[in-house]
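The values are calculated or read from the model by the stated rules, or taken from the named source; none is laboratory data. Only a predicted model underlies this, so the values are computations on that prediction, with no experimental measurement involved. All Cβ positions, even for glycine, are placed from backbone atoms using ideal geometry, and neighbour counts span all protein chains on display. Just so you know, the surface numbers come from the protein's heavy atoms only, side chains and all, with ligands and any DNA or RNA stripped out. Shrake-Rupley method; radii C 1.70, N 1.55, O 1.52, S 1.80 Å.
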Amino acid sequence: MAADTPRPPGISSGELSRVLAAFESIVGIPNVCRSGAALAAYRDPFAPLPGDDTFAPSAAVLPANVDEIRALLRVANAARVPLWTVSTGRNFAYGGAAPRLSGSVVLDLQRLNRVLDVDERLAWALVEPGVSYFDLYAHLRERGLALWVDPPASGWGSVIGNTLERGFGYTEYGDHAAAQCGMEVVLANGDVVRTGMGALDIGTAWTLYRPGYGPSFDALFTQSNYGIVTKMGLWLMPAPDAYVIGEIQFAHEDDLGVLVDTLRGLQLSGTIRQHAVIEGAIRRAAGLAPRARWYDGEGAMPEASVARMQRELDIGRWNLHYALYGDAEVIELQRRIVERAFAKVPGVRFTARRYAGKDEPQGGGDRNMAGIPSMSAFRMLDWLGDDGAHVDFSPLCPADGRDALRQYALVKARAAEYGFDYYGGFTAAGRYLHHVFAAIFPRAPHPQAARAGDLLRALMSDARAAGYGVYRSHLLYMDYAAAQYSFNDGALLRLAETVKDALDPQGVLSPGKQGVWPQAWRTQRGYT
Ligand code: ADP
């Protein structure tokens with residue numbers, strides 16, 4: 001083992017070598033990555049810090065099944081070597097597959113990649129961690145099943161990974177954690193638990209009724225380090241007879257307020273039942289043309305260039321993308337209700353595309369709303385036109401026009417101060433919006449990369465002062481974000497760590513994830 005290989009604190013290179021040899025005897029030598037390009041793939045591809053070892057794994061191990069996972073846990077517990085679980089490790093912009101605690105061994109579950117079952121009548125699937133949205137979509141297509149997946153912006157990620165991180169998509173099943181039903185989890189002590197109705201030996205409703213009997217645990221395993229999820233049920237959307245995908249363009253920056261207030265009414269009344277997307281002009285423009293066509297200088301794009309771009313590309317300053325699914329006559333009526341509600345906004349422009357259930361739209365955004373996975377998130381990397389990367393700031397926003405305008409003004413001003421465009425938008429889910437701002441930069445060691453990290457931290461502190469919190473965080477700021485949820489001297493984190501210590505006394509599962517540290521590693525907490 002090379003002397004400079006990252007190791008977990010307090011573990012000698014001899015101990016680590018013995019652990020990795022034991023891992024090799026469980027999963028086979030080719031399924032342990034110890035160095036080189038294979039191991040480099042487990043570093044954060046979009047790291048804001050150049051060549052940094054803060055989040056560097058010592059190795060990666062790829063088990064094939066639950067028994068191997070249990071055997072790995074026995075070794076890890078005995079040696080107190082931490083494992084960082086990923087399903088496919090595509091958590092780009094938040095750290096990729098890299099671990100929070102340097103020297104952890106990445107437990108990569110991509111070889112557990114079976115779609116175990118799909119029921120067309122009751123509209124659910126049961127999958128393993130290595131199944132991506134592309135895989136599940138292909139499986140449904142191959143079998144000719146009239147069911148849709150709800151893809152997030154990048155279809156290559158794992159269904160389980162995205163759901164556990166509480167990711168979201170764009171159809172009526174856009175709240176992924178809410179569409180989850182039933183889990184199989186391996187605990188740190190090797191015990192295998194099936195949640196809810198799955199605990200019945202001959203189960204019939206594991207994937208139908210989440211609560212089961214007694215305390216309900218599924219939510220405990222989302223954004224947490226309490227277990228290794230090896231199977232998960234999810235509800236799928238029955239393919240609709242027809243759908244409409246509409247775009248509404250708003251001319252002015254401050255139209256965001258009326259847009260959000262009107263949309264909230266339409267979502268709470270049930271007229272729009274999916275996750276509608278509000279894109280700022282720059283995010284809308286990405287993928288249509290590169291930034292350099294309007295501005296190639298230092299700092300954020302000036303207002304005059306944004307206005308020129310908006311005119312030349314014929315896009316709105318804000319662009320609302322929504323979808324209606326169901327019977328063709330009903331959705332036509334709903335479309336009219338939607339357009340009537342927004343017609344009061346001066347300068348508003350409407351387009352709507354009508355599809356039969358089996359049609360396949362071509363554009364990436366429309367495809368996502370039609371349940372077809374794409375890689376639309378990556379169009380943001382074309383914006384700068386070189387080897388780009390991004391980190392995301394994702395504050396939760398009340399679905400109130402005043403809050404949306406306030407968050408937007410705050411983020412835009414702070415981003416400009418650090419030399420970044422406002423590349424952002426909101427995903428609307430009724431009572432709340434997911435506000436996502438991407439700080440896009442040329443890859444480290446470019447100085448703008450480090451500035452992106454600094455900007456993220458400044459934004460989190462601004463947001464907190466205004467009463468907002470993030471729903472997810474990059475590895476860099478997991479502790480900082482957790483500390484912001486500080487009611488009663490941090491009672492929430494105290495509870496999380498009490499549970500952590502009860503379930504994982506040796507602290508082997510993903511230490512530091514979401515700011516939750518086991519007793520053994522608590523001194524590693526850092527607010528950076
Ligand atoms: P994706 O590839 O879908 O983006 P990842 O595999 O990167 O998702 O997982 C995102 C995060 O979710 C991981 O960093 C990890 O903390 C958590 N996670 C992923 N899969 C599991 C799992 N099977 N069990 C427990 N936690 C998981």
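Quick look at the values:
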item	result
Members of region 399-454 that are hydroxyl-bearing (Ser, Thr, Tyr) and open to solvent by 60 Å² or more (accessible area, probe 1.4 Å)	432
The lone exception for residue 267 - which of (1) among the polar types (S, T, N, Q); (2) closer than 14 Å to residue 185 by Cβ; (3) in contact with a Lys or Arg (Cβ under 9 Å, 6 or more places away or on another chain) it fails	(2)
Total residues in region 73-113, condition away from the ligand (no atom under 14 Å from the Cβ), open to solvent by 10 Å² or more (accessible area, probe 1.4 Å) and assigned to a loop (DSSP other than H, G, I, E, B)	2
Residue count for region 36-55, restricted to those that are at positive phi and open to solvent by 60 Å² or more (accessible area, probe 1.4 Å)	1
Candidate set: region 143-194, residues that are acidic (Asp, Glu) and in a loop (DSSP other than H, G, I, E, B); chosen: the one farthest from the ligand (Cβ to nearest atom)	172
Test result for residue 66, at pLDDT 95 or above, more than 10 Å from the ligand (Cβ to nearest atom) and open to solvent by 10 Å² or more (accessible area, probe 1.4 Å)	yes
Selected residue (only one of 188, 146, 153, 177 is in the same structural domain as residue 216 (by TED's automatic domain parsing), open to solvent by 40 Å² or more (accessible area, probe 1.4 Å) and at negative phi)	146
Restricting region 465-475 to residues that are at pLDDT 95 or above and outside any loop (DSSP other than H, G, I, E, B), the residue that is least open to solvent (accessible area, probe 1.4 Å)	470
Test: residue in region 114-134 that is surrounded by fewer than 24 Cβ atoms within 10 Å (Cβ to Cβ), more than 8 Å from the ligand (Cβ to nearest atom) and under 27 Å from residue 511 (Cβ atoms)	yes
Number of the exception - residue 138 against (1) more than 12 Å from the ligand (Cβ to nearest atom); (2) crowded, with 23+ Cβ neighbours inside 10 Å	(2)
Region 13-41: number of residues that are at pLDDT 95 or above and within 23 Å of the chain's Cα centre (by Cα)	0
Close pairs (6 angstrom Cβ cut-off, 6 or more residues apart or separate chains): assigned by TED's automatic domain parsing to the domain that holds residue 465 and under 28 Å from residue 46 (Cβ atoms) in region 392-406, open to solvent by 40 Å² or more (accessible area, probe 1.4 Å) and assigned to a strand (DSSP E or B) anywhere	396/432
